[in-house]
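The values are calculated or read from the model by the stated rules, or taken from the named source; none is laboratory data. Since we're looking at a predicted model, the values are computed, not measured. Note: ideal-geometry Cβ built from the backbone for every residue, glycine included; neighbour counts use all protein chains shown. Accessible surface is based on the protein model in full, side chains and every heavy atom, while ligands, DNA and RNA are left aside. Shrake-Rupley method; radii C 1.70, N 1.55, O 1.52, S 1.80 Å.
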Amino acid sequence: MAFIIKDVRKKLLEHRKKTYRTGVLPDNITIHHSATETGNSSAFAAYHVNNHQWPGVGYHYIILKNGVVERCWDDHTVSYHTRGLNTGNIGICLVGNGSFTTSQKSSLIKLIQILLKKYGMDISKVKGHRERRGQTTRCPGFDAGVIRDKLRNDLNSPLLKIGSKGGEVKRMQKILARNVQLSKYGADGIFGLETEKAVKEFQKQRKLTADGIVGVKTWKELLKERKK
Ligand SMILES: [Zn+2]
């Protein structure tokens, strides 16, 4: 399933008299679940407005069972999802009750990665609802530490292949050069033919699939080497 963000801002039910505060730069992210098996932005908007008398739906993003992300508010809108801690807090809700589809989990990671980058936030700013101060809830029904681990892992092991450029390539090349020849261009931050050849050689040495692409497994071997 491709990663899709469906923009439903301004299309959802809102309270006739109340509006959420806006204009706050986000500096943290809270993960929720709906604690229901079904639902989407319009169902939750109706519930939050009619039952809670909130200005509108509480979450900024809702991730449906099929992995589609519904974007409900601008990130700088202070909507309600974490009691007393909503200022600068982006609320992401997974539809489900503690267990979620593979598409949902992968969309969650991608969405968070985008938001972290956009606002320059550290991974430690991502928390599950129940980890937030003063909240009495089991939401989101799983340990958000798993998500932080995955985010850290992806950050430390970015997919690199021919054509990749930059600091991550350089970092990889430096470690690579301790194991195989990388004499012509050295650690220049450009993943060209020489680097590809060297990666394949390293992969052969380590009995990995020699595809010349540095993914999680190759990173793992490279980082093992660094620890020696
Ligand atoms: Zn919650």
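Data table
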{"quantity": "Number of the condition not met by ILE114 [criteria: (1) of a type outside the set (Ser, Thr, Tyr); (2) buried (at least 16 other Cβ atoms within 10 Å of the Cβ); (3) free of Cβ contacts under 8 Å to residues at least 60 places away in the same chain; (4) more than 16 Å from the ligand (Cβ to nearest atom)]", "calculated": "(2)"}
{"quantity": "Identity of the residue in segment 135-155, within 13 Å of the ligand (Cβ to nearest atom) and open to solvent by 70 Å² or more (accessible area, probe 1.4 Å), that ends up nearest to SER34 (Cα to Cα)", "calculated": "ARG138"}
{"quantity": "Number of positions in segment 21-58 that are under 25 Å from the mean Cα position of the chain (by Cα) and in contact (Cβ under 8 Å) with a residue 24 or more places away in the chain", "calculated": "26"}
{"quantity": "Qualifying residue in segment 170-185 (condition: part of a loop (DSSP other than H, G, I, E, B), crowded, with 17+ Cβ neighbours inside 10 Å and touching a residue at least 40 places away in the same chain (Cβ under 8 Å))", "calculated": "no"}
{"quantity": "Residue check for ARG132: within 16 Å of the ligand (Cβ to nearest atom) and outside the structural domain of ALA210 (by TED's automatic domain parsing)", "calculated": "yes"}
{"quantity": "Answer from ASN97, ASN28, ASN66 - the residue that is surrounded by 17 or more Cβ atoms within 10 Å (Cβ to Cβ) and at pLDDT 95 or above", "calculated": "ASN28"}
{"quantity": "Entirely in segment 1-73, the strands (runs of 3 or more DSSP E) that have 1 or more residues that are of a type in the set (Val, Ile, Thr) and away from the ligand (no atom under 16 Å from the Cβ)", "calculated": "5-7, 69-71"}
{"quantity": "Check on GLU194, surrounded by 15 or more Cβ atoms within 10 Å (Cβ to Cβ), in contact with a Ser or Thr (Cβ under 9 Å, 6 or more places away or on another chain) and not in a loop (DSSP other than H, G, I, E, B)", "calculated": "yes"}
